[in-house]
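Read-outs throughout are calculated quantities, based only on the coordinates presented, and are distinct from any laboratory measurement. Just so it is clear, the model here is predicted, and its values are computed rather than measured. Every residue, glycine as well, gets a Cβ built from its backbone with ideal geometry; the counts of neighbours run over all protein chains shown.
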Amino acid sequence: MTPSTEPSGSASVLAGVDVNNNNLPTSITTTATPYTLHSNIPYTITNHHPRQVLDLYLPTSTTSSPHPLVLYIHGGAFRFGDKTTPLLPRGQLSHGYALAALNYRRSGEAIFPAMIADCKSAIRFLKSATVSQQFNLDSSGGIIVWGDSAGGHAAAFCGTTSCDSPRGPYDIGDNLDISSSVVGVVDYYGPTDFRQMDAHLPEGWQTHNNADSPESLYLGGQITLPEMEAKVREADPCTYVSEGCPEFFVAHGTVDRIVPEFMSELLVKKLKDNGMPVEYLPVEGADHVFEGISEEQQEVLDKRTDNFLRRVFGR
């Protein structure tokens, strides 16, 4: 997971995937990296937006066993960022997992729940028989979603709204006969209840209640306005916690000045109160993006995240 220890370099191929006619892309494999990369695959066709594409990394393997799949959701304050971020956990390829990373419509392109709908569209696309067979993905074993910051918010949201039945909450677009359920969530410092962020931040860092804050732009209105109360509640992953939630691994820096640790504490408490399996790792002294994390702490974070994935995937 640490960028310096992940494989570097990539091969890319622009591809047009029509999920209706199964016109799947070919890929380019390089000998300089231990994976094959299929780039910019559209995961939805209906009302397609240029941001609705994903990259699929397939590990080099000598076995024919299908690959468990991790879907990574990048951060960026809901309004910037890209699937090619240095935070992409390419190190998971060494464990034999396939790794998908999607782009989604950001707040400047569409407001909530567009981001969530895009993530769920990508999940359904990757679970489809055509895609899982073409790329040797273990769709029967389910998908673990992994995100950081705004991506952590989306990953948690996909987890708490996970439903085994098709056409669940926020399922919009193609492949609607497929469930957008996931089997696990890795949530690094994702926000939950937007209205409580500023109250748990130090002086000088309280900007989330502003009309131009990332959260206000994401929801399409200043989050402190009375008429936005219901929308803020709807956008909170904690709202949907129930007995059907998948397993969660949550990690957060204890001195995060962008997304306060209290956001993760709210989610963890709600999951525990509902008897749901959740593992929480507070990273002492770390700021946002785990800035200031020690080498020893990084090793612990990596090991516990890896163990979580191994336990959920059963391999």
Using 7 Å Cα-to-Cβ label points, what is the Lys269/Arg233 separation (nm, one decimal)?
1.8
Once the dipole of the chain is set up from charges on Cβ (+1 Lys and Arg, -1 Asp and Glu), the residue from the list Thr224, Ile144, Gln133 lying farthest towards its positive end is Gln133
Option label - Rg/Rh (Cα atoms, Kirkwood Rh) computed here, alternatives (i) 1.25; (ii) 0.95; (iii) 0.97
(ii)
Counting Lys and Arg as +1 and Asp and Glu as -1, each charge on the Cβ, what is the dipole of region 71-144 about the Cα centre in debye, to the nearest 20?
100
Taking Ile123, Ile172 and counting other beta carbon atoms within 10 angstrom, the fewest-first order is Ile172, Ile123
Divide by every residue of the chain the summed helix terms, -39500 (n - 2.57) for each DSSP H run of at least 4, and state the resulting mean residue ellipticity at 222 nm, rounded to the nearest 500 deg cm²/dmol.
-7000 deg cm²/dmol
Would you mind computing, in nm to one decimal, how far apart the modelled labels at Asn210 and Leu176 are, each placed 7 Å from Cα along Cα→Cβ?
4.0
How would Lys303, Lys83 line up from fewest to most surrounding beta-carbon atoms within 10 angstrom?
Lys303, Lys83
Over 10 Å intervals from 0, what percent of Cα-Cα pairs in region 245-302 sits in each interval?
25, 48, 25, 2
By Kyte-Doolittle mean hydropathy of at least -0.5 and Cα axial length of at least 18 Å, which whole DSSP H helices of the chain are selected?
114-127
Please work out the C-alpha center-to-center distance from region 72-91 to region 146-211 and express it in whole Å.
14
What's the ranking of 196-204, 94-102, 67-75 by average number of surrounding C-beta atoms within 10 Å, highest first?
67-75, 94-102, 196-204
Spin-label point model (7 Å from Cα, Cβ direction): what's the Glu299 to Glu109 distance in nm?
4.1
Extension gain, Ala129 back to Asp287 (0.36 nm per residue minus Cα-Cα distance, nm)
52.8 nm
For the Arg79, Arg195 Cβ pair and Förster radius 25 Å, calculated FRET efficiency rounded to 0.05 is 0.85
The chain, relative contact order in percent, only Cα pairs under 8 angstrom and at least six apart counted
14
Rounded, prolate or oblate: which one fits region 202-266, using the alpha carbon gyration tensor with axes a ≥ b ≥ c (rounded when a/c is under 1.5, else prolate when a/b beats b/c, else oblate)?
oblate
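What are the trypsin sites (Lys or Arg not before Pro) within region 197-269 that DSSP puts in a loop, where the Cβ has at most 14 other Cβ atoms within 10 Å?
Loop-located and lightly packed - Arg257.
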Could you list Trp205, Trp146 in order of exposure, starting from the residue whose Cβ has the fewest other Cβ atoms within 10 Å?
Trp205, Trp146
Any idea what the relative contact order of region 185-315 is, in percent, if you count C-alpha pairs under 8 Å spaced at least 6 apart?
26
